[in-house]
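This report concerns only the one structure given below.
None of the figures in this text is laboratory data; all of them are computed from the coordinates on show. What you are looking at is a predicted structure, and each value in this text was computed from that prediction instead of being measured. Cβ: placed from backbone, ideal geometry, glycine included. Neighbour counts: every protein chain shown.
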Amino acid sequence: MRQHLCCILVSLLAIVTANTCLATMDEGFGPLPSASSAVPSDDLSKEIDSYLAAIEQLEYQGGTYSDNLTQNLFQLGKLYQRQGKHANAVEVLERCLFLNRVNEGLYSADQVAVLEQIIHSLSEMQKWTLVNDRFAYLYWLGNKSLQHNQVKRAEITLKFAQWQLQAYSLGVTKYPVQNLALSYKLFDTATNTISKEHGAADLRLIEPLNGLLLTTYLAATNKPIRELNSMQRKGYANGVRFITDEINILRDQNLLDHFRITNAMLKLADWQLMYGKDRDAMSSYREAYLYAQTNEQDSKLVKALFTQPIALPHFPNYFHNNSLAPLSEQIISDKVKYVHASLNVTPKGNVRNIKVLGLTPPQQNGSHNTALRNLRGAKFRPQISDGVAILTEETQLHILVK
């Protein structure tokens, strides 16, 4: 149903960044502390020298394959990461991985933490092909070595699913649509695993459900293709099911988070609007508004959700190249190219009366023209007043361009 789906701009990218992709990892995949924030640089260098000396001594005593080397190599690799020396870290950690396989066996679960660190450093270096190879090995290893640890297996499956989305966005492989199709399958696998282990109302299900929704959207905006046929054919119905599941999970909690519930209800309305189901969308917007008015006590949160148009799709891990807020001084100082425009958003979320208020740089070029041309076909969540979608005039927008 690609012809019915409205998306904002061709130049908008659904990018799951390296940091986002790694955000769910227990160890090593969150932002690592810098040397300056954690340990003074001189002290860090002394620690590295100490580990190098210890490794040399262990090699002298037990040989280059000594099983006592692996932990020292692992810690040395993490120290190099804190120094920002990721090439050094990868070299050391790859040796650690090799020795682990030699001494502990091909399916040793101890390799998991090492692989996660290797992937982190390769991502920092933007060595995407190597990241892809190492993620595939991590997923294979998890299935082999973590048969009795379904929680960790689900985490690894989610990591691999998020990576497939990033690989799709970056065009890492020859056939990116295969990354998209695999990502959908992995999110589905994670959903089933978490549901089986923790129950159908577990909050951990929301992450893979959002992943399924995003992959469904990306498939719908692709041209019809065999690998995505099922996702494209059932896209609207599946999206409604994923969002409804999220709403039900949030409503099944002992302590209700009314703001999250409202957001999920708005997500359903947005999905309906993007697929041209205007009547259903307006009904869902009203239902979300009335729910928030009845249950959410923080008026500022309610105002943020309903009083200004929001570019669609509005998903977790989906980043638009535009902002309704004024650009930060940092962006302006970096001399980023952007268009400053005003526009009207109709009650059905369509864009009208676009006016260019400024260009940076001042000379209009092809990128600026493309951004403005695609803005005309954009879709926004309309402003909601008293449960009814209304016209918003002269909304200002900054559109970053390449």
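Any idea how far the Cα center of the range 216-255 sits from the one of the range 49-117, in Å?
42
Ranked highest first by average number of other Cβ atoms within 10 Å, how do 257-268, 205-216 line up? Can you show the working numbers first?
Values: 257-268: 20.6, 205-216: 23.6.
Ranking the peptides 257-268, 205-216 by packing returns 205-216, 257-268.
Got a sec? Which residues in the range 216-241 would a label at ASN192 touch, if it sits 7 Å along Cα→Cβ and we count backbone N under 14 Å?
No residue passes the distance filter.
Tell me the chymotrypsin sites (Phe, Trp or Tyr not before Pro) within the range 62-144 that lie in a loop according to DSSP and have at most 11 other beta-carbon atoms within 10 Å.
Sites meeting the loop and neighbour criteria: TYR65.
Could you tell me how far the Cα centroid of the range 341-368 sits from the Cα centroid of the range 118-177, in Å?
38
Mean separation of Cα pairs under 8 Å and 6+ residues apart, divided by the residue count of the range 203-316: what relative contact order is that in percent?
23 percent.
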